[in-house]
Amino acid sequence: MAEKNTKQCILDAAERLFALHGYHHTSLRKITGEANVNLAAVNYHFGSKEALLKAIFEYHLTPLNQTRQENLKAVREQALQQGKIPQVADIIRAFIEPTL
């Protein structure tokens, strides 16, 4: 298996430490120590602690939102094929199911 790259190591360490200690109680030094990288690597890849947190959210939400869009498109296409408008329950299900 390929070794994780620096950026992914930082993301993984930050996610774990934010979950354990919270955002405000996790320093960049703790993250870089956990990731076994130097402090400059965080600034190079993310620019700031806040941008690192945003990257963690994007890492998880991007595929989730892509699935939601695909589900919503399928709901719309199915309704059009039946000559109907999409039902609210189907729209909500398409949006929520990827999180379950």
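The values are calculated or read from the model by the stated rules, or taken from the named source; none is laboratory data. For clarity, every value in this text was computed on a predicted model and none was experimentally measured. No Cβ is skipped: glycine too gets one built from the backbone with ideal geometry, and neighbour counts run over all protein chains shown.
Brief remarks on what is shown
- Any chance residue 2 is under 19 Å from the mean Cα position of the chain (by Cα) and either of a type in the set (A, V, I, L, M) or modelled with pLDDT of 95 or more (or both): no
- Those residues of region 49-100 which are surrounded by 11 or more Cβ atoms within 10 Å (Cβ to Cβ), small (Gly, Ala, Ser) and over 17 Å from the mean Cα position of the chain (by Cα), in sequence order: 74, 79, 94
- Criterion: in a helix (DSSP H, G or I) and of a type in the set (S, T, N, Q) - qualifying residue of 62, 26: 62
- Test: residue in region 25-37 that is surrounded by 13 or more Cβ atoms within 10 Å (Cβ to Cβ), at pLDDT 95 or above and either in contact with a Lys or Arg (Cβ under 6 Å, 6 or more places away or on another chain) or under 30 Å from residue 97 (Cβ atoms) (or both): yes
Each row is one residue, and each column tells you yes or no for (1) modelled with pLDDT of 95 or more; (2) in contact with a Lys or Arg (Cβ under 7 Å, 6 or more places away or on another chain).
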{"position": "17", "(1), (2)": "yes, yes"}
{"position": "22", "(1), (2)": "yes, no"}
{"position": "49", "(1), (2)": "yes, no"}
{"position": "55", "(1), (2)": "yes, no"}
{"position": "62", "(1), (2)": "yes, no"}
{"position": "86", "(1), (2)": "yes, yes"}
{"position": "99", "(1), (2)": "no, no"}
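- Residues located in region 29-46, provided they are assigned to a helix (DSSP H, G or I) and among the polar types (S, T, N, Q): 32, 43
- Tabulated pairs, region 56-69, first touching a residue at least 24 places away in the same chain (Cβ under 8 Å), second surrounded by fewer than 13 Cβ atoms within 10 Å (Cβ to Cβ), C-beta under 7 angstrom, 6+ apart or interchain: 64/99
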